[in-house]
Every structure is written in C-alpha cells, then in structure tokens.
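> Below is the structure I would like to discuss, written out as structure tokens.
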Amino acid sequence: MRAIRLRPLRVSIDLRKSPRAKQARKRRYHRLCQLVGLRPQDRVLDVGCGQGHSFEEFNRQNEIVGLDIDPVERIVQDNFQFVKGDAASMTCFDDNEFDVVVCIGVLPRVTPYANLRRAAGEIARVGKAFAVVVPHMLTFIDPYSHLPLWQFSPRNLRTSLRRRDPSLSQEKNETSSPEEEKLLYLRARDWQSLFPESTVVSHRYMTFGLVRDFIIYKRRIPQVNAEVSEQR
C-alpha cells in the first residue's frame with residue numbers, strides 16, 4: 001500500500017515577495033534617511049543587517065558596517081563590512097563611533113526584556129543619530145508571521161499553527177531563550193522610554209495601513225548648535 005505524504009499547511013503569505021514589497025522597503029528607506037538627516041559622508045551601523053534587503057539594497061554610497069549574530073555574510077558590495085556580534089553587547093564599538101545607527105525589525109526579537117533594554121542602550125551609545133523600526137502594536141498584518149493580528153493571538157494557537165506551518169517559525173537569536181515564542185510588541189511610549197532622547201512616529205508600510213511600523217529616531221545635533229551648547 002502506497003504511503004500518503006501530507007504537505008505542511010501554509011496559512012501565511014510572505015509579503016516580502018509581493019510585487020510592491022521592494023517599493024515599500026525603498027519608501028521606508030528614504031523616510032529613515034530623511035528623519036536622521038543622512039549625509040553621503042556619514043558612517044552607518046546596521047544592527048541586525050540580515051540579507052540587507054531593508055537598507056543596504058538601496059545604499060551604495062555610505063560606509064556601512066553590518067552587525068548580525070549570523071556569521072554568514074550575505075551582503076557583498078564595496079561599501080559594506082560585516083561584523084559578527086550581538087545587539088545587546090556591542091563592546092567592539094566606541095561611544096558615538098557611528099554617525100547613524102539603523103536597526104530594522106530586530107528589537108522585538110530581542111528577549112527577555114532586560115536584553116532589549118541593553119540593546120536599546122547600546123544603539124543610543126554607539127550612534128550620534130539613530131533610526132529604529134519596529135512593528136506598530138496595532139498593525140493589522142504582523143510582519144513576521146504575515147498573519148492578521150498575530151500579535152494578539154493566544155499562545156497555544158501560535159504554537160499549534162507553527163507545528164502545522166514551518167514558515168511561521170521565528171528565527172532564534174543569541175538573546176532569546178529556546179522556549180521563547182512571543183515577540184515584544186510595545187506601545188509608542190514604551191519604546192520611547194527605552195530611547196529617552198528619541199521621537200516616535202507611525203509609518204504606513206503597506207497600502208491602507210495593513211502593515212504599520214513605529215520609527216524611533218534621534219536626529220544628529222547640528223554642529224553649530226552643539227558648539228553653542230558647549231560654550232554655555
């Protein structure tokens with residue numbers, strides 16, 4: 001008797017592969033550059049650079065250092081250098097070593113909360129300016145699972161669906177415990193408390209606001225104003 005093999009159930013749609021996904025990422029990239037006032041001569045740190053689809057893909061001008069816990073370098077371009085490291089402990093970098101730090105979609109995966117707090121402090125420490133992108137707490141489509149309101153679903157439902165659909169499995173990192181499944185979705189004021197000198201704005205990533213982000217940013221203090229402050 002011939003065995004019947006059942007294919008894994010797929011309940012999510014990968015928004016990154018949609019025809020408009022690259023346009024959405026590019027639009028968000030330009031928004032980040034505007035908020036921090038990115039200049040061609042600025043040195044940039046990308047925390048959790050991954051495969052570079054959110055930042056490096058659109059930038060061939062700035063000197064970029066990419067930090068990630070995955071030792072496999074997937075970004076090959078002349079203006080990019082890879083460093084293996086953990087967002088919660090960037091001791092390899094000096095205070096204000098970078099003109100701009102970007103961190104896109106990474107911090108909700110940094111658990112437990114104590115590690116998240118350390119990662120936020122490290123980003124603020126090594127960068128004169130920064131732009132951090134996290135999912136909006138009320139986003140309709142969760143950008144990690146690509147499911148509606150996944151962030152509000154019961155934990156037992158998430159566990160059950162992950163078993164049936166491998167594409168829903170969250171990537172683990174060095175700051176996560178093996179048992180941790182819940183992403184850290186925080187309110188705007190909670191993110192701002194982690195970055196006291198920041199401003200938090202809402203960004204509509206996909207049409208009709210199906211996917212929404214928070215952008216937490218700190219703009220570099222203009223040199224003229226900085227000199228006046230020092231004189232006072």
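> Starting from region 188-206, keep only residues that are in a strand (DSSP E or B), then list their pairs with residues that are surrounded by 17 or more Cβ atoms within 10 Å (Cβ to Cβ) and among the hydroxyl-bearing types (S, T, Y) whose Cβ atoms are within a distance under 9 Å, requiring at least 6 positions of separation or different chains.
T199/Y217; V200/Y217; V201/Y217
> Of the conditions (1) closer than 25 Å to P112 by Cβ; (2) buried (at least 17 other Cβ atoms within 10 Å of the Cβ); (3) hydroxyl-bearing (S, T, Y), Y29 satisfies every one except a single condition; which number is it?
(1)
> Let me ask another. So which of K128, K26, K84 ends up being among the charged types (D, E, K, R) and within 30 Å of T207 (Cβ to Cβ)? Steps first, please.
Details: K128 fails: within 30 Å of T207 (Cβ to Cβ); K84 fails: within 30 Å of T207 (Cβ to Cβ).
It is K26.
> Quick one: count up the residues across region 81-134 that are outside any loop (DSSP other than H, G, I, E, B) and of a type in the set (D, E). Quick ask: steps written out before the conclusion?
Of region 81-134, the ones outside any loop (DSSP other than H, G, I, E, B) are 81-84, 86, 89, 98-104, 107-109, 113-134.
Next cut, of a type in the set (D, E) only: 86, 99, 122.
Qualifying residue count for the region: 3.
> I want to confirm something. Restricting to region 36-83 and keeping residues that are among the aromatic types (F, W, Y) and more than 14 Å from the chain's Cα centre (by Cα), which single residue is surrounded by the fewest Cβ atoms within 10 Å (Cβ to Cβ)?
F58
FYI, it's all coordinate maths here, none of it is from the lab. Everything numeric here is computed off the predicted structure, so don't read it as measured data. FYI the Cβ positions are ideal-geometry reconstructions off the backbone, even for glycines, and counts take in every protein chain you see.
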